[in-house]
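S.K.: First the structure, which I've put down as structure tokens, then a few questions once you've had a look.
All of the numbers you see were taken from the coordinates with simple rules; none came from a lab. Note that the structure is a prediction, hence the values are computed from the model and not measured. Note: ideal-geometry Cβ built from the backbone for every residue, glycine included; neighbour counts use all protein chains shown.
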Amino acid sequence: MLMSEGALSDQEAGKVIGSSKAYARALLQFERDAAGNPEAQDLTTLYRAAVARTLGPDMALASFACGYSLCMGEIHNGNADGFSHWTRTFGDDSAAPQYAFMSGEFLQGGGQSIGRFVFSTDPAANGITTR
């Protein structure tokens with residue numbers, strides 16, 4: 001669904017990032033995939049820890065899951081620059097490499113925002129398709 005031709009699909013990932021309902025459906029599917037796959041469970045543990053250690057003040061990881069080669073999550077943020085700073089910090093974390101990364105931030109008012117992201121954990125899926 002989120003992959004096309006061995007790469008992260010800009011169109012499909014954009015739909016998931018931009019819609020609360022699509023995000024919830026995709027997250028549920030990732031969680032189901034992980035439930036029956038020890039490798040996906042290990043990826044979830046590794047990358048959840050990486051996300052958590054790179055969060056800034058006034059930030060909280062609201063949800064996170066990994067499937068077979070992709071991970072996705074949602075961060076709630078109380079700082080106007082927090083999510084964009086987090087994406088840079090997380091991207092620099094060599095202990096948890098991401099090979100293709102897409103995100104979107106949605107302002108909630110009062111300096112609050114929600115940031116959603118999807119990334120590849122597979123070195124072979126290191127691109128983003130725009131078809």
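S.K.: Where Lys and Arg each count +1 and Asp and Glu each count -1, what net charge lies around N37 among other residues with Cβ under 15 Å from its Cβ?
M.R.: On the way: positive: R32; negative: E31, D33, E39, D42, D122.
Value of the local net charge: -4.
S.K.: For region 75-131 and region 1-49, what is the centre-to-centre distance using only Cα atoms, to the nearest Å?
M.R.: If we compute the Cα centre of each part, the gap is 13 Å.
S.K.: Got a sec? Which residues in region 63-78 would a label at A49 touch, if it sits 7 Å along Cα→Cβ and we count backbone N under 14 Å?
M.R.: none
S.K.: Then there is this: Calculate the tail of P(r) for the chain: the fraction of all Cα-Cα distances greater than 22 Å, expressed in %.
M.R.: Working: 2656 of 8515 pairs.
Tail fraction, whole percent: 31.
S.K.: How would H85, H76 line up from fewest to most surrounding beta-carbon atoms within 10 angstrom? List each step's numbers first, then the result.
M.R.: Working: H85 14, H76 17.
With the fewest neighbours first, H85, H76 line up as H85, H76.
S.K.: A further question on this structure: Please list, by residue number, every one of the GluC sites (Glu not before Pro) in region 10-112 that is coil in DSSP and has at most 16 other beta-carbon atoms within 10 Å. Present the calculation step by step, with values, prior to reporting the outcome.
M.R.: Values: sites: E12, E31, E39, E74, E105; in loops: none.
Taking region 10-112 and a limit of 16 other Cβ atoms within 10 Å, no loop GluC sites (Glu not before Pro) are found.
S.K.: Still on this structure, I have one more. Please state the charge dipole magnitude for the chain, taken about the Cα centre, from unit charges on C-beta atoms (+1 on K and R, -1 on D and E), reported in debye and rounded to the nearest 20. Kindly include the intermediate steps, with their values, before the conclusion.
M.R.: Numbers: 9 positive and 14 negative charges, 59 e Å.
Here the size comes out at about 280 debye.
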